[in-house]
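This report concerns only the one structure given below.
The values are calculated or read from the model by the stated rules, or taken from the named source; none is laboratory data. Just so we're clear, the structure is a prediction, and the values are computed from it rather than from any experiment. Glycine gets a Cβ as well: all are built from the backbone with ideal geometry, and neighbour counts include every protein chain shown. Side chains are part of the model used for accessible areas, which takes the heavy atoms of the whole protein and leaves out ligands, DNA and RNA. Shrake-Rupley method; radii C 1.70, N 1.55, O 1.52, S 1.80 Å.
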Amino acid sequence: LYMPHSSPKEVKFVGQGSTSFDGDTNEFSITNYSFTTNSTISMWLKPDEVDNYRSFFGKGDTYSYVRMKNNFESTRIEGETDTNEDSFTIDAGETIFTVGKWVHMTLVWKSDKVFDLYINGVYKASSSATTDDSLTISYFGRGYVSDYEFKGNMKNVAIWERALSATEVQNVMY
């Protein structure tokens with residue numbers, strides 16, 4: 001994860017270029033960030049476990065999260081926005097998460113309230129439209145409860161306050 005310090009030009013890399021999450025008590029907290037429509041989030045993930053709703057990020061105490069979908073952990077992600085029960089699922093149609101293998105995931109939340117999922121720079125699928133237009137992020141490695149935290153490594157997390165194009169998504173991988 002990138003962690004800014006005293007000036008915007010300083011960037012600190014944790015560990016050997018990635019942050020490790022143990023799936024139990026490790027999480028990285030930030031001040032509540034409102035991820036909204038017309039925004040993009042991307043990250044590199046290397047799961048040590050692919051089961052049980054492993055969460056990538058979320059609010060921590062209520063709804064608002066993005067995680068692996070239970071019973072479909074290797075092929076689907078799901079999430080909920082700030083409005084209780086306004087959920088979405090995206091099925092990539094193929095395996096996207098493999099234990100011990102790095103994968104680049106990008107979510108683009110467009111103005112029509114639809115999430116586009118890109119894996120390794122390639123568009124895979126979209127969600128149905130949400131009714132809400134915000135998803136609060138307070139933690140990386142944790143969803144809305146302390147159970148089902150992410151287990152593995154995460155690096156190069158980036159958030160844009162605009163929807164990236166397909167070409168831009170490909171370019172941010174490197």
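The strands (runs of 3 or more DSSP E) falling completely within segment 57-117 that include 3 or more residues that are more than 17 Å from Ser128 (Cα to Cα) and at pLDDT 85 or above map to 103-109. Scanning segment 87-95 finds no residues that are in contact (Cβ under 8 Å) with a residue 40 or more places away in the chain, touching a Gly at 6+ places or on another chain (Cβ under 9 Å) and among the β-branched types (Val, Ile, Thr). Identify the residue in segment 91-150 that is of a type in the set (Lys, Arg) and either farther than 22 Å from Ser165 by Cβ or under 14 Å from the mean Cα position of the chain (by Cα) (or both) and, among all such residues, is surrounded by the most Cβ atoms within 10 Å (Cβ to Cβ). Step by step, filter segment 91-150, then rank; the result is Arg142.
Among the residues of segment 35-61, those that are of a type in the set (S, T, N, Q) and open to solvent by less than 60 Å² (accessible area, probe 1.4 Å) comprise Thr36, Thr37, Ser39, Thr40, Ser42, Ser55.
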